[in-house]
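The values are calculated or read from the model by the stated rules, or taken from the named source; none is laboratory data. What you see is a predicted model; the values in this text were computed from it and never measured. Note that each Cβ is placed from the backbone with ideal geometry, even for glycine, and that neighbours are counted across all protein chains shown. Side chains included, ligands, DNA and RNA excluded: accessible areas come from the protein's heavy atoms. Shrake-Rupley method; radii C 1.70, N 1.55, O 1.52, S 1.80 Å.
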Number of protein chains: 2
Amino acid sequence: MSAGWFRRRFLPGEPLPAPRPPGPRASPVPYQRPRFLRGSCSSPGAAEASRRPDSRPVRSPARGRALPWNAGYAEIINAEKSEFNEDQAACGKLCIRRCEFGAEEEWLTLCPEEFLTGHYWALFDGHGGPAAAILAANTLHSCLRRQLEAVVEGLVATRPPMHLSGRCICPSDPQFVEEKGIKAEDLVIGALESAFQECDEVIGRELEASGQVGGCTALVAVSLQGKLYVANAGDSRAILVRRDEIRPLSSEFTPETERQRIQQLAFVYPELLAGEFTRLEFPRRLKGDDLGQKVLFRDHHMRGWSYKRVDKSDLKYPLIHGQGRQARLLGTLAVSRGLGDHQLRVLDTNIQLKPFLLSVPQVTVLDVDQLELQEDDVVVMATDGLWDVLSNEQVAWLVRSFLPGNQEDPHRFLKLAQMLIHSTQGKEDGLTGEGQVSYDDVSVFVIPLHSQGQDSNGP
Amino acid sequence: MSAGWFRRRFLPGEPLPAPRPPGPRASPVPYQRPRFLRGSCSSPGAAEASRRPDSRPVRSPARGRALPWNAGYAEIINAEKSEFNEDQAACGKLCIRRCEFGAEEEWLTLCPEEFLTGHYWALFDGHGGPAAAILAANTLHSCLRRQLEAVVEGLVATRPPMHLSGRCICPSDPQFVEEKGIKAEDLVIGALESAFQECDEVIGRELEASGQVGGCTALVAVSLQGKLYVANAGDSRAILVRRDEIRPLSSEFTPETERQRIQQLAFVYPELLAGEFTRLEFPRRLKGDDLGQKVLFRDHHMRGWSYKRVDKSDLKYPLIHGQGRQARLLGTLAVSRGLGDHQLRVLDTNIQLKPFLLSVPQVTVLDVDQLELQEDDVVVMATDGLWDVLSNEQVAWLVRSFLPGNQEDPHRFLKLAQMLIHSTQGKEDGLTGEGQVSYDDVSVFVIPLHSQGQDSNGP
């Protein structure tokens, strides 16, 4: 299997900068040797040149011959947005050890062929510095592996057993599990949810210990046992692009999309706002002249709008302010889920952001084995910098324009990822129109699906 | 416009019972003369015979001639489930008075032609007695009219003004409203949300004053200004059936579908469970033998499943227990949204259900004016008794089998509603297969859409 990844932060019209030395990226976060490979390509074609510590060949289904992973450990480019690069990524093979029934606490180390294996891709878009994103890229896959290993006997059974030991205490245990509709994929979803939370705790401890700050979004795709799991906490996005279909595989979590959850929390715990913010949403920030008037507003229980008479407390700064890309939680943060931010406070106050943030991802499952896959069916994962400028349809158009004519090119997925980035700079066919250019970090994975089902060796 | 409504609780194989006198239904709830008509038909053809207090003719678009509303005040049949009938319904014309800019507190009584008019249908499925359902059928439309009248100047404007007075305090007020994407339909959604809450408060006060108990679900459809709004709090359902399309217009709110919200509340306020229940979900209730074992479970933040080691507190009765139609909140209630239940407690305890129940409906909007409507396009609204036995597809099949061949029959929508009820008794073409029969109350509205857009006289 071959996958293309490319990330870049451009200045409009600026030429591609040369790769920078790795020093500033790893420091000052304590460097942890990743168990999984982190892959990126600093320029077109760099994939071939990248180091290959993992020598196990992976079949390239589209071309029917063995190709090495183009997932070496390469430098990540940073242009201007932050001193250190705030986007980070990780990808690699996911090897889950099997545990036998009855040997609950004792792992059997099997030879690699007997591992349950999958593949893992992750994008982390940092804010307030790169520390959280780097920690997440170094940690999350380990958390996920641990969580999956803890439930592996449920993964390899037809249905997860009621008891992890496999023993039925109540004779109708299998029936209860079946009636609840619990399947192996629910254990993977649960493992992803737990892994994100565990990773968030690790990041919290590590940042506190090293006196650093910051947070990041996390978008993860895992291919396992014929299914593709997409877990998202933040405003990155993954879509499936096929010849006749564009299917969103994630939704974004921002102060706007999670308004009701956030307002509800402030309703339950008003002390979280320390009397400085109003929980209510208004079309704009209110001012003295609005006092006594009836104005449009929404509270936590409302999807629609109504009018209320303005009193003095409504003049406070709103819990969620602005709209679209400008929407901010407590005037500070543009996302409502992610990892880190344990120390983040509203400027010049003691008001914490963390209680409003969720580290739990939303997980969607794509049943790859049930799709009649074509060679050019891909999943595109990218940080918000891409989607600010390109719509799903524009990305799909680029995919469909590029792939069919380049089927012989072993690096076509990489080149497509690169082309997508270039398009955010207005360099490709004027797709973005009217000079729309992304000024944000942009990272892209293009993942071919054609043999995801066959590629994992689960039962 | 003509609509068919039918409700019935059968015993399998039992003949249609004769209508019962109205006494027990109205009593002991203090009877309130409804401002709107309550419509039902006790037997096929009864629509013609029903009283017509509203003499304003409504055009029957499908047949191009004026027909009276077949929404008289008729008797509701009750067979066996409860001493008094727990399903109630209401339908009628919704007349919203306009308020002029600047005359905020003073209503102008205009002649009927200048009213903003719509249509209203509602189904209430009661539990613990009919009291709450009767109060809701007598009250909710008044709450809704009041809420709509309070925002009517926003309804008739191109965009709702920032201020109810229509004056701009900040010159860019219209721009803020536009950027937030606030439209007239958001005010209707807000009015429906507020009306349900107001009605819930009225029911709470009335039941307490009269020493009665009970609750009900509420499913409401409102046709206004070319749109159909469907507001649902409970497990009734509305679907759109067209020649080539079946579109759900509501989703059900049960302890299962709202598991995460309910568990989250118990996580935030553990005192609500009084140490008697466990917030966690397991495939079955745990027992002593499970102690110390690792079993499947889910908590509030999890959509997937994981394993946990069972401790003593996990042996308590689960907050949500059972699956599918058997799922119960606190062992008591099968729905998680609705009106009433202010006094409802877990048997032999002081544990209240109400904190876990939402009265706020979910509202979906159908842009009727944008549909290329056919004469046989209908909305089917029904209480859970129908959907327990018939799938959306089976209902659509019956609609499509019946309507095209009966276009000349002015009572065809009524007859279709009746046929749907009969189908829950296994009397129609063996649709429900294997003797599936509904033992619950069943109420059905069949609403033709063909001229909903033209029928309201809004701007």
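List the residues, sorted by chain then number, that are 5 or more residues from A:Arg337 or on another chain and whose placed amide H is less than 5 Å from its amide H.
A:Gly234, A:Leu358
Across segment A:148-200, what fraction of all alpha-carbon pairs, as a whole percent, falls in each successive 5 Å bin from zero upward?
4, 21, 27, 22, 15, 8, 3, 1
Based on the alpha-carbon gyration tensor of segment A:130-258 and its eigenvalue square roots a ≥ b ≥ c, which shape applies: rounded if a/c is under 1.5, prolate if not and a/b is larger than b/c, or oblate?
Working: a/c = 2.48, a/b = 1.41, b/c = 1.76.
Oblate, since a/c reaches 1.5 and b/c is not below a/b.
Among A:Asp244, A:Asp377, A:Asp311, what's the order by accessible area (1.4 angstrom probe), most exposed first?
Numbers: A:Asp244 145, A:Asp377 0, A:Asp311 70 Å².
The residues order as A:Asp244, A:Asp311, A:Asp377, largest area first.
Cα-based Rg (one decimal) and Dmax (whole number) for segment A:283-327, in Å?
10.9, 31
Just how large is the dipole of segment A:260-334 about the Cα centre, in debye to the nearest 20, putting +1 at every Lys and Arg Cβ and -1 at every Asp and Glu Cβ? Walk me through the intermediate numbers first.
On the way: 14 positive and 8 negative charges, 53 e Å.
Dipole size: approximately 260 debye.
HN-Hα J couplings of segment A:146-151 from phi, Karplus 6.51/-1.76/1.60, θ = phi - 60°, integer Hz, Gly and Pro as x?
The phi angles translate into 4, 5, 5, 5, 5, 10 Hz.
Label-to-label distances across copies for A:Arg167, with labels 7 Å out along Cα→Cβ, in nm, shortest first?
Ordered by increasing distance: 7.8 nm.
Place a +1 charge on the Cβ of each Lys and Arg in segment B:196-346 and a -1 charge on the Cβ of each Asp and Glu, then give the dipole magnitude about the Cα centre in debye, rounded to the nearest 20. Write out the running numbers ahead of the final one.
Values: 23 positive and 20 negative charges, 137 e Å.
About 660 debye.
Using the reciprocal of the averaged 1/r over all distinct C-alpha pairs, how large is the Kirkwood radius of segment A:260-334 in Å?
This gives a value of 12.6 Å.
With solvent modelled as a 1.4 Å probe, how much accessible area in total do chains B and A shield from it at their shared surface, in Å² to the nearest 100?
Details: alone 20120 and 20200 Å², together 35690 Å².
For chain B against chain A, roughly 4600 Å² becomes buried.
Mind checking which lysines have their Cα closer than 29 Å to the Cα of B:Lys287? Skip sequence neighbours fewer than 8 apart in that chain.
By straight Cα distance, B:Lys287 reaches A:Lys180, A:Lys183, B:Lys308, B:Lys312, B:Lys316, B:Lys354.
Between A and B, which A residue has the Cβ nearest their rotation axis, distance in Å?
Looking at chain A's Cβ atoms against the axis toward B, the nearest is A:Val268, 3.
Can you pull the one-decimal nm distance between simple spin-label points at A:Ser210 and B:Ala209, each 7 Å off the Cα toward Cβ?
The modelled label-to-label distance comes out at 6.6 nm.
Over the Cα atoms of segment B:182-309, compute the convex hull volume and normalise it per residue, giving Å³.
Working: hull volume 26.8 nm³, N = 128.
Per residue, the Cα convex hull of segment B:182-309 comes to 209 Å³.
Round to the nearest 0.05 the FRET efficiency obtained for B:Val268 and A:Glu408 when R0 = 56 Å and r is the Cβ-Cβ distance. If you can, show how the numbers build up before the last one.
Details: r = 58 Å, r/R0 = 1.04.
E(calc), rounded to 0.05, equals 0.45.
Using the basic label-point model (7 angstrom from Cα toward the beta carbon), what is the A:Glu276 to A:Ser313 distance in nanometres?
1.8 nm
In segment B:281-296, which residues become less accessible by 50 Å² or more once every protein chain is in place, relative to the chain on its own, using a 1.4 Å probe?
B:Pro283, B:Arg284, B:Gln293, B:Lys294, B:Leu296
Quick one: with label points 7 Å out along Cα→Cβ, list the inter-copy distances for B:Arg309 in nm, shortest first?
6.0
Between A:Val156 and B:Ser401, with labels modelled 7 Å along Cα→Cβ, what's the label distance in nm to one decimal, could you check?
Label-label distance for A:Val156 and B:Ser401, simple model: 5.0 nm.
What accessible area per residue comes out for segment B:260-334, rounded to a whole number of Å², with a 1.4 Å probe?
Values: 3230 Å² over 75 residues.
Value returned for segment B:260-334: 43 Å² of accessible area per residue.
Give me the distance between the Cα centres of segment B:156-204 and segment A:134-162, rounded to whole Å.
Spelled out, the Cα-based centre of one part sits 47 Å from the other.
Please compute the net charge surrounding A:Gln326, taking Lys and Arg as +1 and Asp and Glu as -1 over other residues with Cβ under 11 Å from its Cβ.
Charge balance in the 11 Å sphere: 0.
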